[in-house]
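What follows is a single structure, written as structure tokens, with notes after it.
The values are calculated or read from the model by the stated rules, or taken from the named source; none is laboratory data. In this text, all values refer to a predicted model and were calculated from it rather than measured experimentally. Glycine gets a Cβ as well: all are built from the backbone with ideal geometry, and neighbour counts include every protein chain shown. The accessibility values were calculated without ligands, DNA or RNA, using every heavy atom of the protein model including side chains. Shrake-Rupley method; radii C 1.70, N 1.55, O 1.52, S 1.80 Å.
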Amino acid sequence: MLAAVISLGGLAFILALGLGVASKIFAVETDPTVEAIAEVLPGANCGGCGYAGCAGFAEAVASGQTAPTECKAAGSDIVAQMAQILGVKIEETEKKVVKIFCQGSSDNCKSKFLYEGVFDCRAAVLLGGGYKACPYSCLGYGSCVKACPFGAIEIGPKGLPIVDEQKCTGCGSCIRQCPRGILRLLPISQKYYIPCSSKDKGKAVRQVCQTGCLACKLCLKKCPNQAITIENNQPRIDAQKCSGCGVCAEKCPKKIIQLASNG
Amino acid sequence: MKLKTFLGGIHPPGNKRLSEGKRIEAIPLPQKVYIPLVQHIGAPCEAKVEIGQKVKKGELLADSQAFVSAPVHASLSGSVIEIKNYPHAGGNQVKTIIIESDGLDEWVKEPQNGQNPLKLSPDEIKQKIRQAGIVGLGGAAFPSHVKLSPPKEKKIDAVILNGVECEPYLTADHQLMMEKPADIVKGLQIIMRALGVKQGYIGIEANKPDAVQAMQEATKEDSHIEVVGLKVKYPQGAEKQLIKAVLDREVPPPPGLPMDVGAVIQNVGTAYAIYEALSSGKPLIERVVTITGKGIKKPKNLSLRIGTLFSEVIDYCGGLTGEVGKILMGGPMMGLAQYTTQVPVIKGTSGILILPKGESPPTKAGRCINCGMCVRACPMKLIPSILGTYCERDLLDEAEEAQVLNCIECGSCVYVCPAKRHLVQIIKYGKSAILAKKREQKNKS
């Protein structure tokens, strides 16, 4: 008994000594700032910053290649923590969230044919440009849902994606996967937005979709702050100029201009 | 005769009886023709006519400066009433010239027989082929003059005419070989002259013994042309499989082309169109199309003007037998499903297949059971099950390493898959994503 305790204990002591010495001799030098920054980052490895995961971004920030605000997933609190670690001052940037610029659910938008292929928007769009009659509409097969590293998107009962603004960090992973390009980032304070991506003229839009923007320019004319511009038959609201009065939503003949955020 | 073939492939039911042996008919002059500006692989054409302009049959409607492109011509005389985006058999909307017939059907320049195209120089031949707007009539519609202009360092020593027609149901090439064997052979001689090639082959599947005989009869006097009988197997008519069977050469993976192993392939319909264009100056304004399937009352082989609507063709063939399951342009294996019959016949339309309801029921895709049937069926010696999984999960680098770009999208794997996976579609997605990524990298550098 005693012999076993002594021999095993001795063995453990010698090996531990070896490990201790090795850890001193072969120690990898790490930058404490990198570690500290990696500690506060969200850790989702979403790739929104353009670097290979959060570790890559932490290194880039510590070496001054990029700014802490480039982390799309970090809220203002995390950016502030990074700024504190780096000892710099950061101007507050506003959080952005993703919005779906299409309301063409299968009730509203006509279908060209019955699709029975792969359940993925990027594959579905290869078949005759998608099964929906509008060539700009959401296909509803959830490539954005699969792309979201934060679980912020789900396909709603109408077959259109719904974004959970609490979970959305604005990293833009979903935007890169959408074959239609109908996902866009909006500042969270923007009050109204126009959820249609069609570049067609009013007549063509009316033929295929009930909730499509006809590009009638009424909103543009009625806006008291000249916050609306129109390009390629798509009206856009400038968040800086918009006062949130809601005149556009009231005047829109199709009543498609919507409140962007609940808060 | 020992029949040649390739490794892999499948044996779908031929169903060629429906339209086999029916003589090629012309249909009454259509009221309007819809001529898309994109009917080929390559740069789209630009319209050279205006709305309201009077045009005659054979007049140039649109052309492009690009080398890989082919002009389009008016297929009847009348006036241009509209130039707008219109449904195309590919599924998208494409800019289309709509001509209303004046009922006269006048030529801009009456085709004159009696010219001997074999006296032309190779360059003149290529130029005339381009001017006539000839593209590969097998279905892919690759401009023919491009295939006939290989770079100097590529030594071409064989031309193979493709009379295989391995797609089930289709009989257009078969019927053409029965009716115009001498003209097809002359077309092949023109192609051989343009390339400076001494040896020509005509590959025909063994299910068309009468066509083999007719072509052998027509080539009796030319000892440089050999008719090769091939085993009945799909996709025997794919370029690489045909080269393997006839010449026993293997085309290297992309960007390898048939010309890398010294071969040029042309469809028999293309050879016929080349002969017609060069002997009489007639541009490509009509082609032979098989209208078939159990969904149509009178299956036929028709000579149709480019731009004729599918609906008009269906009416001419006695209409539909009942509820339709699917309408395809092309055969059942590689054909494109249509959502409207208001699409025009284009240069690449080899057939219109109408399947009644129930013959092509919707399938629910299951999971791979690792049975390996697709591996045995793949004529390109790929592993479709794994390629499908890679593409599904966006593992594009792995897919590329597994030679996904080598896939010819023939659909043999889907045909045999007991789980009914949509392998071709997901592989098509993977290929397009890899090519898009490559383009992006090229633009960056």
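With 5 Å bins beginning at zero, the pair-distance distribution over Cα atoms of the stretch B:1-79 amounts to 3, 11, 14, 13, 10, 11, 11, 11, 9, 4, 2, 0 %. Taken across both chains, chains B and A shield about 1100 Å² of accessible surface from a 1.4 Å probe.
Would you mind working out the accessible area per residue for the stretch B:93-248, using a 1.4 Å probe, and quoting it in Å²? Write down the numbers at each step before the final one.
Values: 6670 Å² over 156 residues.
With the other protein chains kept in place, the stretch B:93-248 gives 43 Å² per residue.
Residues whose amide H comes within less than 5 Å of that of A:S111, counting only those at least five positions distant or on another chain, are A:A133 (H built at 1.01 Å from N in the peptide plane). Other residues with beta-carbon under 14 Å from the beta-carbon of B:H88 carry, at +1 per Lys or Arg and -1 per Asp or Glu, a net charge of +4.
Which value in Å is the Kirkwood Rh of the stretch B:71-212 over different Cα pairs? Could you put the intermediate results ahead of the total?
Details: mean 1/r = 0.0554 Å⁻¹.
After inverting the pairwise mean of 1/r, the radius is 18.1 Å.
Here the ratio of the Cα radius of gyration of the protein assembly as shown to 2.2 N^0.38 Å is 1.18. Percent of C-alpha pairs per 5 Å bin in the stretch A:32-86, short distances first: 4, 26, 39, 26, 5.
Surface composition of chain B: carbon and sulfur make up 51 percent of the accessible area, probe 1.4 Å.
Estimated purely from DSSP H runs of n ≥ 4, each contributing -39500 (n - 2.57), the mean residue ellipticity at 222 nm for chain A is -9000 deg cm²/dmol once divided by its residues. Measuring between their Cα centroids, the stretch B:218-292 and the stretch A:3-59 lie 65 Å from each other.
For B:A419, what is the net charge nearby, where nearby means another residue's Cβ is under 11 Å from its Cβ and Lys, Arg count +1, Asp, Glu -1? Residues near B:A419 contribute +4 overall. Which of B:K326/B:K347; B:K147/B:K347; B:K152/B:K444 have a Cα-Cα distance over 27 Å? In this structure, B:K152/B:K444 lie more than 27 Å apart at Cα. Longest stretch of chain A clear of exposed loop sites (GluC sites (Glu not before Pro), DSSP loop, at most 12 other Cβ atoms within 10 Å, sites excluded): A:95-263.
Straight-distance candidates among the aspartates and glutamates for linking to A:K201, with alpha-carbon spacing under 12 Å and chain neighbours fewer than 8 residues away dropped: A:E231. Per-peptide packing, taken as the mean over residues of other Cβ atoms within 10 Å, places B:289-301, B:254-266 in the sequence B:289-301, B:254-266 from highest down. Checking Cβ-Cβ separations below 4.7 Å across chain B identifies B:C45, B:C166, B:C317, B:C368, B:C371, B:C378, B:C391, B:C407, B:C410, B:C417 as cysteines lacking any candidate disulfide partner. Please give the net charge around B:S280, taking every other residue with its beta carbon less than 14 angstrom from that of B:S280, where Lys and Arg add +1 and Asp and Glu add -1. Taking every other residue near B:S280 into account, the sum is +2.
Excluding residues fewer than 8 places away in the same chain, name every one of the aspartates and glutamates whose C-alpha is closer than 14 Å to that of B:K198. Result set, ordered by chain and number: B:D157, B:D222, B:E226. Taking the chain by itself as reference, the stretch B:325-359 contains these residues with an accessible-area loss of 20 Å² or more in the full protein complex (1.4 Å probe, heavy atoms): B:Y339. In a simple Cβ point-charge model (Lys, Arg +1; Asp, Glu -1; nothing else charged), the stretch B:117-280 has a dipole of about 460 debye relative to its Cα centre.
Considering only A:L114, A:S137, A:F150, and ranking their Cα positions along the charge dipole of the stretch A:90-162 that arises from unit charges at the beta-carbon of Lys, Arg, Asp and Glu, the one farthest toward the positive end is A:L114. Of the GluC sites (Glu not before Pro) found in the stretch B:174-232, the ones in coil according to DSSP and having at most 12 other Cβ atoms within 10 Å of their Cβ are B:E221.
Kindly provide the helix-only [θ] at 222 nm of chain B, computed as the sum of -39,500 (n - 2.57) over DSSP H runs of four or more divided by all residues, to the nearest 500 deg cm²/dmol?
Numbers: 13 runs with 123 residues, N = 445.
Result for chain B, helices only: -8000 deg cm²/dmol.
Scaling the Cα radius of gyration of the stretch A:46-129 by the globular reference 2.2 N^0.38 Å produces a ratio of 1.71.
These residues, A:I6, B:I190, go from largest to smallest accessible area, 1.4 Å probe, as A:I6, B:I190.
Which of the residue pairs A:K132/A:K217; A:K96/A:K191; B:K208/B:K244; B:K32/B:K298; A:K132/B:K431 have a Cα-Cα distance greater than 18 Å in the structure shown? Each step should come with its number before you reach the end.
Details: A:K132/A:K217 25 Å; A:K96/A:K191 13 Å; B:K208/B:K244 20 Å; B:K32/B:K298 23 Å; A:K132/B:K431 23 Å.
As for pairs spanning more than 18 Å Cα to Cα, those are A:K132/A:K217; B:K208/B:K244; B:K32/B:K298; A:K132/B:K431.
Once both labels are positioned 7 Å from their Cα atoms along Cα-to-Cβ, the gap between A:R176 and A:I155 label points is 2.3 nm.
Taken residue by residue and averaged, Cβ atoms of other chains lying within 10 Å of the Cβ of B:80-91 number 1. Excluding same-chain neighbours fewer than eight residues apart, the aspartates and glutamates reachable from B:K420 by a Cα-Cα span under 18 Å are A:E116, A:D120, B:E359, B:E392, B:E409.
Just to make sure I understand: if all protein chains stay in place, what is the order of B:Y415, A:Y51 by accessible area at 1.4 Å, largest first?
Values: B:Y415 105, A:Y51 75 Å².
These residues rank, largest area first, as B:Y415, A:Y51.
Once each part is reduced to its C-alpha centroid, what is the distance from the stretch B:372-391 to the stretch B:411-445 in angstrom? Centre-to-centre (Cα) distance: 12 Å. Each Cα pair under 8 Å and six or more residues apart adds its sequence gap; the mean of these over the residue count of the stretch B:221-316 is a relative contact order of 13 percent.
Rounded to the nearest 0.05, what FRET efficiency is calculated for A:Q226 and B:E100 with R0 set to 45 Å and r the Cβ-Cβ distance? Don't skip to the end; give the middle numbers.
On the way: r = 47 Å, r/R0 = 1.05.
Rounded to the nearest 0.05, the efficiency is 0.45.
Shielding by partners for A:128-140, please: the mean number of other protein chain Cβ atoms within 10 Å of each residue's Cβ. Spell out each step's value before the answer.
Values: counts 11, 4, 2, 2, 0, 1, 0, 2, 0, 0, 0, 0, 0.
Neighbouring Cβ atoms belonging to other protein chains average 2 per residue here.
Grab the eigenvalues of the alpha-carbon gyration tensor for chain B, scale each by 5, take roots, and send me the semi-axes largest first in whole angstrom.
On the way: eigenvalues 205, 144, 112 Å².
Rounded to whole Å, the semi-axes are 32, 27, 24.
Averaged across the residues of B:422-433, what count of C-beta atoms belonging to other chains lies within 10 Å of each residue's C-beta? It would help to have the intermediate numbers written out before the result.
Details: counts 6, 1, 2, 7, 6, 1, 5, 9, 2, 1, 4, 2.
Per residue, the number of nearby Cβ atoms from other chains is 4 on average.
Per-residue surface analysis assigns A:K99 an accessible area of about 30 Å², computed on protein heavy atoms at 1.4 Å probe radius.
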